[in-house]
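Below is one structure, written out as structure tokens, with a few remarks after it.
Computed from the coordinates by the stated procedures, all read-outs in this text should not be read as laboratory data. Because the structure is a prediction, the values reported are computed rather than measured. We place every Cβ from the backbone using ideal geometry, glycine too, and count neighbours over all the protein chains shown.
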């Protein structure tokens, strides 16, 4: 068992993931992640030095289109899903102090 | 004949001939839902009024000859991660409890255009992360064959709805087996198409390089028919592929003479339940009797598929689920101090434990210092797995295997040990990594009466081989009964 997952790692990953975990959740996350990573370490049994990483199975190319609006004006319905709305805009908490 | 016992294609034919109407079909299915839904809980949302109204409109269009397709008037269910314009789409998460999409998924539009009528949205593991449909925030779905057992997952609601006659067919999504495994557990047919075959536009993303939408149906004919309608190029999905060979119903032929079937020894070894093994081997014998050539072989790398998959899927999930931030749609925490605190509290309260677990893992494997060791490594292993399949398909038309190592586990047995649950995906997961196609076909039951599924896997764009073999098997079985 490699102990690469420290309390600090969990704090740091929590920041990256934008999750605020309770102490219990942190303990659990530490345990789960260590267990998973030890399992994932199995991949190191394979020599992949000459292998190109494959992000997609088919050779994908960027798909371009003209910058023209094709969908109708759905801003009313879109805003109706927003947790906060004001003057036809999304309402967000103050961003700058 | 009882309306509910019709297959989707049989029902559409009966509707065209006038012996049943689209309205009667919807009424029949809604009263079946009234009877069994309290035990099965296959649905998250059912809008009966809208369903009856849509059935009436469809009925009129069939009467005037405007709708004549092979699914016109047939009531369908959709997994709750497929966006439906104006109808709540939750991903079985608190995060999207009140989310009403402003558009419908492309696959949904294709079916509606063909006259299929929406009943409602089916239950699933939260954000499609799970193998049992127990991580749904709206409560678990139960297996219609034995309600003490899970239906499988993550498309468990769709599979259960088809099995319990609460719809005539359903759509699900498959990222690591999420169509094929519940299909197997519930005794229905489920197909994961080749990556890029069905547009992912409107499918709420989990692992974008792995996700595919596909049908869950009562039989192979329905499966081919639904697939034919939803498979098409879509400019709105940049990974969509232009295919010419999408007349899948033309593959519904009872003939496997000379079809070369490879059976990976690594898929029949340790960990496989004895009854499942016997049942799948018996199914292979049926195909052999029909003229297929069976051969055992070593696929290799099987033990590396799950660690590679969970690395890649978690990485993509952590990125895809960043959009849930409490701003544009979905849940927002009640009290917070400033923007960042709002993000964190919203996400922590809105996501369930399994989703958070995968976001955490994904964020870690993508983080600076670990990216190469984990994420890139997994992508390299993915390339090796794809190569192993290429080698197999140079020799075989189809690979035959079990869908899952066991039949449906009891409720509550799986969630306590996530890693153990992940290991249940061992036979399905490589198909997603390699981007190829696979189908689950019912092939028997265990002594507890729970269904067993056989999986057939074919190379990219070879769904017709799957459908031909599955159809031949299904008909041979019917003849034997």
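Given 0.36 nm per residue, what is the gain on full extension from residue B:100 to residue B:48 after removing their alpha carbon distance, in nm?
Here the answer is 17.0 nm.
In nanometres, what is the gap between the two model label sites at residue A:47 and residue B:319, each 7 Å from Cα along Cα-to-Cβ?
3.0
Report, in deg cm²/dmol and to the nearest 500, the calculated mean residue ellipticity at 222 nm for chain B, where each DSSP H run with n ≥ 4 adds -39500 (n - 2.57) and the sum is divided by the residue count.
For chain B, the value works out to -12500 deg cm²/dmol.
Mean separation of Cα pairs under 8 Å and 6+ residues apart, divided by the residue count of region B:396-459: what relative contact order is that in percent?
45
Once each part is reduced to its C-alpha centroid, what is the distance from region B:424-452 to region B:361-389 in angstrom?
Centre-to-centre distance over Cα atoms comes out at 25 Å.
What is the distance, in nm, between label points placed 7 Å from the Cα along the Cα-to-Cβ direction at residue B:447 and at residue B:334?
5.3
Relative contact order, percent, of chain B when contacts are C-alpha pairs under 8 Å separated by at least 6 residues?
Once divided by the residue count of chain B, the mean separation gives 17 percent.
Grab the beta carbon distance between residue B:270 and residue A:70, set R0 = 51 Å, and tell me the FRET efficiency rounded to 0.05.
For R0 = 51 Å, the calculated efficiency reads 0.40.
Between residue A:86 and residue B:68, what FRET efficiency follows from the Cβ-Cβ distance if R0 is 41 Å, with the result rounded to 0.05?
It comes out at approximately 0.25.
With springs only between Cα atoms under 10 Å apart, run a GNM on chain A and tell me which of A:68, A:15, A:57 wobbles the most.
A:68
How far, in nm, would the chain grow between residue B:38 and residue B:257 when pulled straight, counting 0.36 nm per residue and subtracting the alpha carbon separation?
74.2 nm
Using the Cα gyration tensor of region B:355-433, with a ≥ b ≥ c the square roots of its eigenvalues, what is the shape: rounded (a/c below 1.5), prolate (a/b larger than b/c) or oblate (neither)?
Oblate.
Starting from the Cα of residue A:24, move 7 Å in the Cα-to-Cβ direction to define the label point; list residues of region B:349-367 whose amide nitrogen is under 13 Å from there.
B:353
How many angstrom lie between the C-alpha centres of region B:302-360 and region B:259-282?
37
Full-extension gain between residue B:478 and residue B:373, please, as 0.36 nm times their residue separation minus the C-alpha to C-alpha distance.
32.7 nm
Classify region B:49-94: rounded, prolate or oblate, from the alpha-carbon gyration tensor (a ≥ b ≥ c, eigenvalue square roots; a/c under 1.5 rounded; otherwise prolate if a/b is larger than b/c)?
prolate
Of the beta bridges DSSP finds with both residues in the protein assembly as shown, what % are antiparallel, to the nearest 5?
Of the beta bridges lying entirely in the protein assembly as shown, close to 70 percent run antiparallel.
Taking the protein assembly as shown on its own, what percent of its Cα-Cα pair distances exceed 47 Å?
10
Could you tell me which of rounded, prolate or oblate describes region B:330-372, using a ≥ b ≥ c as the square roots of the eigenvalues of the alpha-carbon gyration tensor, with rounded for a/c under 1.5 and, failing that, prolate when a/b is larger than b/c and oblate otherwise?
Oblate is the answer for region B:330-372, as a/c is 1.5 or above yet b/c matches or exceeds a/b.
Under Stokes-Einstein, with the Kirkwood radius over Cα pairs standing in for Rh, what whole-number D in µm²/s applies to chain B at 25 °C and 0.890 mPa s?
111
On average, how many beta carbons from a partner chain sit within 10 Å of the beta carbon of a residue in B:444-452?
0
Simple spin-label model, 7 Å along Cα-to-Cβ: residue A:94 to residue B:19 in nm?
Placing both labels 7 Å beyond Cα along the Cβ direction yields 7.2 nm.
Computed FRET efficiency, Cβ-Cβ of residue B:417 and residue B:244, R0 45 Å: what is it to the nearest 0.05?
It comes to 0.45.
Need one number: % antiparallel among DSSP beta bridges in region B:76-211, to the nearest 5.
Just about 20 percent of them are antiparallel.
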